[in-house]
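J.: After the structure tokens below, expect a handful of questions from me.
The values are calculated or read from the model by the stated rules, or taken from the named source; none is laboratory data. Bear in mind that the values here come from a model prediction, so they are computed numbers and not experimental data. Every residue, glycine as well, gets a Cβ built from its backbone with ideal geometry; the counts of neighbours run over all protein chains shown. What goes into the accessible areas is simple: the full protein's heavy atoms, side chains included, and nothing from ligands, DNA or RNA. Shrake-Rupley method; radii C 1.70, N 1.55, O 1.52, S 1.80 Å.
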Amino acid sequence: MKTNPGRYFEDYQLGQVIDHAVPRTVSGGERALYHALYPARHALYSSDQFAQASGLPASPIDDLAAFHVVFGKTVPDVSLNAVANLGYAEGRWLKPVYPGDTLRSSSEVIGLKQNSNGKTGVVYVRTRGLNQRDETVLEYCRWVMVRKGNLDAPAPQTTLPDLKKVLAPEDLVIPEGLDFTNYDFTLSGEPHRWGDYEIGEQIDHVDGVTIEEAEHMMATRLWQNTAKVHFDLTFRPDGRLIYGGHVISMARALSFNGLANAQMIVGLNGGAHANPCFAGNTVKAWSEVLDKAETSAPGVGAIRLRLVATKGGQPFALKGEDGKYGPDVLLDLDYWALMPL
Amino acid sequence: MKTNPGRYFEDYQLGQVIDHAVPRTVSGGERALYHALYPARHALYSSDQFAQASGLPASPIDDLAAFHVVFGKTVPDVSLNAVANLGYAEGRWLKPVYPGDTLRSSSEVIGLKQNSNGKTGVVYVRTRGLNQRDETVLEYCRWVMVRKGNLDAPAPQTTLPDLKKVLAPEDLVIPEGLDFTNYDFTLSGEPHRWGDYEIGEQIDHVDGVTIEEAEHMMATRLWQNTAKVHFDLTFRPDGRLIYGGHVISMARALSFNGLANAQMIVGLNGGAHANPCFAGNTVKAWSEVLDKAETSAPGVGAIRLRLVATKGGQPFALKGEDGKYGPDVLLDLDYWALMPL
Amino acid sequence: MKTNPGRYFEDYQLGQVIDHAVPRTVSGGERALYHALYPARHALYSSDQFAQASGLPASPIDDLAAFHVVFGKTVPDVSLNAVANLGYAEGRWLKPVYPGDTLRSSSEVIGLKQNSNGKTGVVYVRTRGLNQRDETVLEYCRWVMVRKGNLDAPAPQTTLPDLKKVLAPEDLVIPEGLDFTNYDFTLSGEPHRWGDYEIGEQIDHVDGVTIEEAEHMMATRLWQNTAKVHFDLTFRPDGRLIYGGHVISMARALSFNGLANAQMIVGLNGGAHANPCFAGNTVKAWSEVLDKAETSAPGVGAIRLRLVATKGGQPFALKGEDGKYGPDVLLDLDYWALMPL
């Protein structure tokens, strides 16, 4: 058999390292497409001059675009037979990615737990994205529920990784040279600085985008994500499931309106895809300030945000009295970003 | 309130200068997308060698792409609360934009007139697009009808700018070095030179494109235009309104068939978006030669064209006996282009 | 008449050379779009480092993207009045195309045959794609059925070119410097090398993509292909016909799953667009190994493949008992690719 059947639960071993295929050189083409597919407007990722005034050599590729490139490579090895993407933790952006960089991915299996039904199990991986100089540009943990291929395969010893619920401010890596002391709030699009946000503050980002099939498929393909459910309309009776990362990028881009100065994503504390998203859904977003911290970089503060994407309903509604996400919630993401003080 | 509510009529003052946010570095990615979204084929904007043979250092970004980048930045400050985009005048392209250039926009309020209903007013702005060397690459005047936020706000003194109905040939700026004396009519796609067009001549551009939602949204986002009506299907009962600039670019690209040698747009005399455009409309275009002029550049003539986009009906029909645009007319644009003599 | 009516059958003469219009400089933008429109993942076309490890200066533009650019330019001169695209032969890729290269096309009429109905005829052309150094980067023969414009025009003498049914291995041109001796099968995505494929072997590529209108139009426009049938929904009663090249690229990209190491396309022996493709079709693909050959390049073998695209039905079904393609077959392509030994 020449085609890739994907790995089943019994094919993973603790400590196993999987080098993922198809390295990718990114260019201004990926940036232009990212900005055509999402209403992305953070100035640092739009203008070389703005990035240079912030101490970087040029405007990087959007942090989530780098994430998607790294993530996409893991799909054929990690989630082809996945039943569900269960969670993220300890995501850190370590170096900006620039046009001309080549990214590849590598994952280590850090946890395994067979489910009590004997048919599936949870696989925990720590994935690293590396550039052409073998520098790690980002890393994150992810756990997915994977089918067993052979129901008679013995259950592995259960090992659950000790993952941080939230990255501490000192875990965050500030890009070398980043300096917001001469930050231009006119060019960035909003006057609100780090000090203007209060813990507990909630922001309705107001704008909405009704999602089209062609757009989410182009995005997902651009990251070389091959999961059939995103492309083949005959695969699921309820339609073409939209890649969860498409919703993440859409919500993050919508959050520009109110968080234009939350420029760089440096930490991903966790995230849940609360409900599936399909073409025709109108995605809106709201945020909540969860925490704030100072950093060692000049003029740079860190802000911890909850980013929620919805397909309807009222902003700021998240879970019902039963503790479950409401039916209109698509995404609940917890991340750290860098802002000018 | 952290999100941008947009400016209301009473928020504008005569002489006010608004520096718009989010500068943009353009690359080959924007060019590739422009050519994927529109049937754009003018050779000067497609081939570095063709551009160099015409005296330019490289192939610029399409003139309308540069216009859209500059225009898009003005939306959050000028037209977020606009009821209607009323007109354009005195548009001039002053310098070609090349991959690697970074564009930003700045607008000056040059006119104000409250409407007699007391609920809206007309704001006139002159917008400039600047590159990373602070050179103005293009400028244009635009007037929009904007809602009042506070109906009790006093009406400003009415000031109507004195705008030229038509740019004179001597107002046009020819890019430095442009030289069409060695123009290759085989590579450009048509044999028709400046001398082959007669004032009053009408050209049916024949081809049509049925517009898709994904395409106009990708185009509009690429220019970082954030107006809700273009993206949120739940916002208007009659559908997702297509950005007028999408129709302009579509019609201009269709006009290649018959005007392949009207290479560079250098002047925008005026324009009206006669009817709204929605996905599913099949856009066709026709042109009329309004004027011709010689220029000081070697081998270069100027031609003034009316470009009309329609969504049906017969070519060359524009207005009814009542002087109003027919229901199938989408756009009536009046511009100057440069052609080989 | 200023617009291009296209050539009719009687407008072609044997030996006639047509230099096609609108040269095109390609960039990383075209590559990014190609990877957004198709699930293309061959590592040589994705990573500069992978390409350099294979002896090339950088990652080229996908071979089929180069083909589409060259092909698109021929449409206004060759197939605007075509009734059908009948076949391909003797296609050879002679030099990789890199970002920054400028392509143009030129075709020679190598055969003519008026059909017995007197209303149409078959035109055979050999098309060459040239770069900015006037090097031929690829060439292929194509024959199309074209309407007569003037039914009274005399029939030309019938001349049928002597075209090879299949390119011999020694006809194939291996890119200068290509060396697969240090090929990284982990990064490429599959362990299967040239020696692992047997003549007669069939591979079901498993994955499927349901095609959207916006995607095939963007692809077709990117190659500056202007045929009305691909864009104007009002042109044909049965819908917007998808450019055959879109199906070719989709099938080739799907064939990565099972043929990830069939990196470079170097020969096109033939191809038939068996049935029209429309938006909504779910395209799948299967391949059959037709032949294998050694080459003079280090570590490089040649493999001849049949690539079949379908819109349903079972894999490996091609023709019925009547010798005709089944109704679900979209494409039957015969090509040579290069693989690591």
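J.: Go through C:129, C:55, C:121 for me and flag whichever is on the phi > 0 side of the Ramachandran plot and not aliphatic (A, V, I, L, M).
T.: Of C:129, C:55, C:121, the one residue that is on the phi > 0 side of the Ramachandran plot and not aliphatic (A, V, I, L, M) is C:55.
J.: From the set of residues in segment C:121-172 that are among the polar types (S, T, N, Q) and over 20 Å from the mean Cα position of the chain (by Cα), which is nearest to residue C:61 (Cα to Cα)?
T.: The qualifying residue nearest to residue C:61 (Cα to Cα) is C:132.
J.: Taking residue C:201, is it within 13 Å of chain A (Cβ to nearest Cβ), under 23 Å from the mean Cα position of the chain (by Cα), more than 26 Å from residue C:297 (Cβ to Cβ) and open to solvent by 10 Å² or more (accessible area, probe 1.4 Å)? Spell out the reasoning first.
T.: Numbers: within 13 Å of chain A (Cβ to nearest Cβ): yes; under 23 Å from the mean Cα position of the chain (by Cα): yes; more than 26 Å from residue C:297 (Cβ to Cβ): no; open to solvent by 10 Å² or more (accessible area, probe 1.4 Å): yes.
Answer is no for this residue.
Let's see how each residue does on (1) among the aliphatic types (A, V, I, L, M); (2) without any contact (Cβ under 8 Å) to a residue 24 or more places away in the chain; (3) at positive phi:
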residue: C:171; (1), (2), (3): no, no, no
residue: C:186; (1), (2), (3): no, yes, no
residue: C:190; (1), (2), (3): no, no, no
residue: C:209; (1), (2), (3): yes, no, no
residue: C:230; (1), (2), (3): no, yes, no
residue: C:244; (1), (2), (3): no, no, no
residue: C:247; (1), (2), (3): yes, no, no
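J.: Could you grab me the full set of residues in segment C:266-281 that are under 19 Å from the mean Cα position of the chain (by Cα) and surrounded by fewer than 20 Cβ atoms within 10 Å (Cβ to Cβ)?
T.: Matches in segment C:266-281: C:272, C:275, C:276, C:278.
J.: Checking residue B:88 against (1) part of a helix (DSSP H, G or I); (2) closer than 26 Å to residue B:274 by Cβ, only one condition comes out false. Which one?
T.: All conditions are met except number (1).
J.: Report, by residue number, each residue of segment A:298-341 that is of a type in the set (Val, Ile, Thr), closer than 30 Å to residue A:95 by Cα and touching a Ser or Thr at 6+ places or on another chain (Cβ under 8 Å).
T.: Scanning segment A:298-341 gives a single hit, A:308.
J.: Also, I was wondering about something else. From A:175, A:237, which residue is under 20 Å from the mean Cα position of the chain (by Cα) and away from chain B (no Cβ under 14 Å)?
T.: Being under 20 Å from the mean Cα position of the chain (by Cα) and away from chain B (no Cβ under 14 Å) holds for just one of A:175, A:237, which is A:175.
J.: In segment B:249-290, which residues are among the polar types (S, T, N, Q) and away from chain C (no Cβ under 14 Å)?
T.: B:269, B:275
J.: Hey, any hits in segment C:205-214 for a residue that's among the small types (Gly, Ala, Ser), under 16 Å from residue C:248 (Cα atoms) and at the interface with chain A (Cβ under 10 Å from one of its Cβ atoms)? Before you say what the answer is, go through the steps one by one.
T.: Going residue by residue through segment C:205-214, those that are among the small types (Gly, Ala, Ser) are C:208, C:214.
Those still in the list that are under 16 Å from residue C:248 (Cα atoms) too: C:208.
Those left that are additionally at the interface with chain A (Cβ under 10 Å from one of its Cβ atoms): C:208.
Yes, because at least one residue in segment C:205-214 is among the small types (Gly, Ala, Ser), under 16 Å from residue C:248 (Cα atoms) and at the interface with chain A (Cβ under 10 Å from one of its Cβ atoms).
J.: Count, please, the residues in segment A:286-296 that happen to be under 21 Å from the mean Cα position of the chain (by Cα) and surrounded by fewer than 21 Cβ atoms within 10 Å (Cβ to Cβ).
T.: Number of matching residues: 5.
J.: Identify all residues within segment C:76-96 that are modelled with pLDDT of 95 or more, surrounded by fewer than 21 Cβ atoms within 10 Å (Cβ to Cβ) and of a type in the set (A, V, I, L, M, F, W, C); write none if there are none.
T.: Within segment C:76-96, C:94 is the sole residue that qualifies.
J.: Taking the condition more than 14 Å from every other protein chain (Cβ to nearest Cβ), assigned to a strand (DSSP E or B), among the small types (Gly, Ala, Ser) and more than 15 Å from residue B:170 (Cα to Cα), does residue B:293 pass?
T.: No: the conditions fail for residue B:293.
J.: Could you tell me which numbered condition residue C:132 fails, if it satisfies all but one of (1) touching a strand residue (DSSP E or B) at 6+ places or on another chain (Cβ under 7 Å); (2) in a loop (DSSP other than H, G, I, E, B); (3) closer than 21 Å to residue C:335 by Cβ?
T.: (3)
J.: Here are B:88, B:98: which of them is closer than 30 Å to residue B:157 by Cα and among the aromatic types (Phe, Trp, Tyr)?
T.: One residue alone meets the criteria, B:88.
J.: Would you mention how many residues in segment C:135-178 are open to solvent by less than 30 Å² (accessible area, probe 1.4 Å), basic (Lys, Arg) and outside any loop (DSSP other than H, G, I, E, B)?
T.: Total meeting the criteria: 1.
J.: I've got another one for you. Would you mind telling me which numbered condition in (1) outside any helix (DSSP H, G or I); (2) out of contact with any helix residue (DSSP H, G or I) (no Cβ under 8 Å at 6 or more places or on another chain); (3) surrounded by 23 or more Cβ atoms within 10 Å (Cβ to Cβ) residue C:59 fails?
T.: (2)
Per-residue answers, yes or no, for (1) touching a residue at least 24 places away in the same chain (Cβ under 8 Å); (2) open to solvent by 40 Å² or more (accessible area, probe 1.4 Å); (3) part of a strand (DSSP E or B); (4) of a type in the set (A, V, I, L, M):
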residue: A:283; (1), (2), (3), (4): yes, no, yes, yes
residue: A:298; (1), (2), (3), (4): yes, yes, no, no
residue: A:303; (1), (2), (3), (4): yes, no, yes, yes
residue: A:312; (1), (2), (3), (4): yes, no, no, no
residue: A:331; (1), (2), (3), (4): yes, no, yes, yes
residue: A:338; (1), (2), (3), (4): yes, no, yes, yes
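J.: Looking at segment B:243-265, is at least one residue small (Gly, Ala, Ser) and open to solvent by 50 Å² or more (accessible area, probe 1.4 Å)?
T.: For segment B:243-265, residues small (Gly, Ala, Ser) and open to solvent by 50 Å² or more (accessible area, probe 1.4 Å): absent.
J.: Would a scan of segment C:179-197 turn up a residue that is crowded, with 23+ Cβ neighbours inside 10 Å and within 23 Å of the chain's Cα centre (by Cα)?
T.: So far as segment C:179-197 goes, yes, one or more of its residues are crowded, with 23+ Cβ neighbours inside 10 Å and within 23 Å of the chain's Cα centre (by Cα).
J.: Which ones in segment B:31-50 are in a helix (DSSP H, G or I), at the interface with chain C (Cβ under 7 Å from one of its Cβ atoms) and buried (at least 24 other Cβ atoms within 10 Å of the Cβ)? Show your work before the answer.
T.: Narrowing segment B:31-50 to residues in a helix (DSSP H, G or I): B:31-37, B:43-45, B:48-50.
Then drop every residue that is not at the interface with chain C (Cβ under 7 Å from one of its Cβ atoms), which leaves B:31-33, B:35-37, B:43, B:48-50.
Across segment B:31-50, the qualifying residues are B:31, B:32, B:33, B:35, B:36, B:37, B:43, B:50.
J.: Looking only at segment B:1-30, count how many residues are within 14 Å of chain C (Cβ to nearest Cβ) and either of a type in the set (Phe, Trp, Tyr) or assigned to a helix (DSSP H, G or I) (or both).
T.: Of the residues in segment B:1-30, the ones within 14 Å of chain C (Cβ to nearest Cβ) are B:25-30.
Then keep just the ones that are either of a type in the set (Phe, Trp, Tyr) or assigned to a helix (DSSP H, G or I) (or both); that gives B:28-30.
Summing the residues that are within 14 Å of chain C (Cβ to nearest Cβ) and either of a type in the set (Phe, Trp, Tyr) or assigned to a helix (DSSP H, G or I) (or both) in segment B:1-30 gives 3.
J.: Let me confirm something: among A:79, A:106, A:116, which residue is within 14 Å of chain C (Cβ to nearest Cβ) and among the polar types (S, T, N, Q)?
T.: Going through A:79, A:106, A:116 in turn, the sole match is A:106.
J.: Would segment A:168-188 turn up any residue that is within 14 Å of residue B:1 (Cα to Cα) and touching a Phe, Trp or Tyr at 6+ places or on another chain (Cβ under 7 Å)?
T.: Checked segment A:168-188: no residue is within 14 Å of residue B:1 (Cα to Cα) and touching a Phe, Trp or Tyr at 6+ places or on another chain (Cβ under 7 Å).
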